[in-house]
Amino acid sequence: MKSEAKLLLGLGIGIALGAAVGYIMGSDRREEWLDQANAFADKVRANVKSAIYKGKSEVSDLKEDIDDIAEIAKKELAKH
């Protein structure tokens, strides 16, 4: 795709999204839409925090396993 076509496509998508947001913000259901968007954002935020916590926990467990293996290896090398 040529750069001009990409630019026009991006511009068209931007205009369409802007019009949709403008319509929603101007409609009577704006508060309902904002509440739903905020609820969705809260769920995403909670899922990201959960994933980060889980990742940190798994890294900590892995570090403990590596430390245990290193300790065993030191003991085995000390025997010889």
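Coordinate-derived values only; no laboratory data. Remember, predicted model here, so these are calculated numbers, not experimental data. Cβ: placed from backbone, ideal geometry, glycine included. Neighbour counts: every protein chain shown.
Stretched out straight at 0.36 nm per residue, the stretch from Lys56 to Ala19 would grow longer than its current Cα-Cα span by 9.1 nm.
Divide by every residue of the chain the summed helix terms, -39500 (n - 2.57) for each DSSP H run of at least 4, and state the resulting mean residue ellipticity at 222 nm, rounded to the nearest 500 deg cm²/dmol.
-34000 deg cm²/dmol
Farthest toward the positive end of the dipole of the chain, out of Ala5, Leu77, Ser60, is the Cα of Ala5, where the dipole comes from beta carbon charges about the Cα centre. Within the shell of other residues whose beta carbon sits under 14 angstrom from the beta carbon of Met25, the net charge comes to -2, with Lys and Arg scored +1 and Asp and Glu -1. Restricting attention to segment 3-79, the count of lysine pairs at 8 or more positions apart or across chains with alpha carbons under 22 Å apart stands at 6. This model, with +1 at the C-beta of Lys and Arg and -1 at the C-beta of Asp and Glu, gives segment 3-79 a dipole about its Cα centre of some 140 debye. If I compute Cα Rg over 2.2 N^0.38 Å from the structure I just sent, which labelled value in [x] 2.27; [y] 0.96; [z] 1.51 lines up? The value matching this structure is [x].
Write out the trypsin sites (Lys or Arg not before Pro) in segment 1-60 meeting two conditions: DSSP loop, and at most 14 other Cβ atoms within 10 Å of their Cβ.
Lys2, Arg29
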